[in-house]
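A short worksheet on the structure shown next.
The values are calculated or read from the model by the stated rules, or taken from the named source; none is laboratory data. Predicted model only: the values in this text are computed from it and were never measured. Please note: Cβ atoms are built from the backbone with ideal geometry, for glycine as well, and neighbour counts cover all protein chains shown. With ligands, DNA and RNA removed, areas are computed over all heavy atoms of the protein, side chains included. Shrake-Rupley method; radii C 1.70, N 1.55, O 1.52, S 1.80 Å.
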Amino acid sequence: MGIALLPDFFDLTTQQKFSLMETTRLETAPELTQPAATDCLVFKPITLNSLSEIAPYLPQQSYRTCDFSIGGIYMWVDYFGYEYAICHDTLFIRGGEEDHLQNTAFAVPVGALDLKESIPLLGAYCRQHGQPLILSAVPEPAAQTIAGLYGYPVTELPDWGDYLYRASDLATLVGHRFNKKRNRVNKFKSTYPDFQYEPVTAQNLPELKAFFDRYMQAYHKDSELFAYEESKVAQVLREYDRLPFEGGLLRVGGEIAAFSVGEVVNDTLIVHIEKARKDIVGAYEAINYFYSAQMAEAHPEVQYINREDDAGDPGLREAKLSYNPETILKKYNIPLDNFLQ
């Protein structure tokens, strides 16, 4: 259920975009389809076993943000307290608001119901349970559609925007924009001529788990967010054979030096994990390049690579910008209580 932007929408500033939304929306909310009963909106914990029920709904959108992927949900399920419900053949997810975890918020529903049906359903549910309706991490195309229905106070989430790249750019590093990255990869190749790249398989997975155990000890940070993320990477490696992920690893001198793991959703590869030894010159650039090339070849339908957000980390932000993203997929918080009476 993708919602296309106006052709020139990305060329506008954020203020211009939402000014346009406000001036073009109806003076009053349109007459909506009567929301169905909320009896089936029963939220349950997201577990490894429930992912098979969630997975079929994720390709039914074209937002390209990591929030609509198994990794984007499952790897952050404990941090945000995600729960899910399937109601009227539509997936609903609730959890903590991105910048205020104590506030309950909902993802944009995806599935058979369109937004003019699913959002009033959420509104009715929230009224029944005496809680505000907040939509969080709303992709820009959905935000435009919702603005056309209601208008709303909008808050951008600058730390949670996803960096989106052309797959052909990262898989080839062709052009002057990528001179520095290409030079780093070439430096890696010349410095470590015995390097090897290979997909993650059942055979090398035990070795990869051992590598990551050493990695966590070597690069420990006193950060709650970092500790959470590292624990989830370890969990993903333990449960790898039950997840819809594909990975690649890089060897130097026969030993693992870097690895990357992601998943394909429609035309986008979403990279969830990328780790490399910092003492290996160019290891991060090399694993990015080889993994992107492998996945682009294995999945010709992939046109974009989403390397997720920077979570407000200045170092991550600089690193992601250095790869010349096609765009940053902005996300918004939308409190809708005053617009769904």
Across the Cα atoms of region 228-341, what radius of gyration and what greatest pairwise Cα-Cα distance (Dmax) are found, in Å?
-> 16.7, 65
What is the Cα coordinate range of region 88-130 on the first, second and third principal axes, sorted by size from largest, in whole angstrom?
-> 30, 20, 14
Nearest-10 value in Å² for the accessible area of MET216, using the 1.4 Å probe = 60
Does anyone have the angle between helix 14-24 and the longest principal axis of the chain? Alpha-carbon axes, 0 to 90°, nearest 10?
-> 30
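Share of antiparallel DSSP beta bridges in region 257-312, in percent to the nearest 5?
Numbers: 8 of 11 bridges.
Approximately 75 percent, going by the DSSP bridge assignments.
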When the solvent-accessible surface of protein heavy atoms is calculated with a 1.4 angstrom probe, in what order do LYS181, LYS44 fall, highest first?
-> LYS44, LYS181
Under a GNM of the chain (C-alpha, springs under 10 Å), which listed residue has the highest mean-square fluctuation: SER231, SER223, SER136?
-> SER223
Taking the Cα atoms of region 153-246, report the difference between the largest and smallest coordinate on each principal axis, in whole Å and largest first.
-> 52, 38, 30
Name the shape class, rounded, prolate or oblate, that the alpha-carbon gyration tensor gives for region 267-332, where a ≥ b ≥ c are the square roots of its eigenvalues, rounded holds for a/c under 1.5, and otherwise prolate holds if a/b is larger than b/c and oblate otherwise.
-> oblate
Sorted by chain and number, the residues with a modelled amide H under 5 Å from that of THR155, at a separation of 5 or more or across chains, are ASN333
Out of the DSSP beta bridges found with both residues in region 33-174, what percent are antiparallel (nearest 5)?
-> 95
Distance histogram for region 106-173 (every C-alpha pair counted, 10 angstrom bins, percent rounded to whole numbers) | 16, 42, 26, 11, 5, 0
Distance check, please: which entries in LYS180/LYS232; LYS189/LYS320; LYS44/LYS275; LYS187/LYS209; LYS181/LYS330 exceed 30 angstrom between their Cα atoms?
-> LYS180/LYS232; LYS44/LYS275
So, with +1 on the Cβ of K and R and -1 on the Cβ of D and E, and no other charges, what is the size of the charge dipole of the chain about its Cα centre, to the nearest 20 debye?
-> 920
By residue number, which cysteines of the chain lack any other Cys whose Cβ falls under 4.7 Å from their Cβ?
-> CYS66, CYS126
The chain: most fluctuating residue of LYS232, LYS221, LYS331 per GNM, C-alpha cutoff 10 Å | LYS221
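Assigning unit charges at the beta carbon (Lys, Arg +1; Asp, Glu -1) and nothing else, what dipole magnitude in debye, to the nearest 20, does region 186-268 show about its Cα centre?
Numbers: 9 positive and 14 negative charges, 51 e Å.
With only Lys, Arg, Asp and Glu charged at Cβ, the dipole is about 240 debye.
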For region 50-164, what does the equivalent ellipsoid look like in terms of its semi-axes, each the square root of 5 times an eigenvalue of the Cα gyration tensor, given largest first in whole Å?
-> 18, 17, 16
To the nearest 10 degrees, the tilt of helix 115-128 (Cα long axis) against the first principal axis of the alpha carbons of the chain is 70
Got a sec? Charge dipole of the chain, +1 on Cβ for Lys and Arg, -1 for Asp and Glu; which of TYR197, GLY312, ASN266 is way out at the positive end?
-> TYR197
Of [x] 82, 72, 35; [y] 100, 40, 31; [z] 66, 42, 38, which one was derived for Cα extents along the principal axes in Å from the structure shown?
-> [z]
Dividing the Cα radius of gyration by the Kirkwood radius, what Rg/Rh value follows for region 253-294?
-> 1.02
Rounded to whole Hz and in sequence order, give me ³J(HN,Hα) for region 210-224 from the Karplus expression 6.51 cos²θ - 1.76 cosθ + 1.60, θ = phi - 60°, writing x for Gly and Pro.
-> 5, 4, 5, 4, 5, 4, 4, 5, 6, 10, 5, 10, 7, 9, 4
When only Cα pairs under 8 Å and 6 or more residues apart are kept, what is the percent relative contact order across the chain?
-> 24
Going by alpha carbons, how many degrees (0 to 90, nearest 10) lie between the helix axis of 140-149 and the longest principal axis of the chain?
-> 0
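Could you tell me what percent of the DSSP beta bridges with both partners in the chain are antiparallel, to the nearest 5? Intermediate values should be presented prior to the final figure.
On the way: 44 of 48 bridges.
Given both bridge residues lie in the chain, the antiparallel proportion sits at roughly 90 percent.
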Counting only Cα, what are the radius of gyration and maximum Cα-Cα distance Dmax of region 193-283, in Å?
-> 13.2, 38
Answer in debye to the nearest 20: the dipole magnitude of region 276-341 about its Cα centre, from +1 Lys/Arg and -1 Asp/Glu charges placed on Cβ, is 100
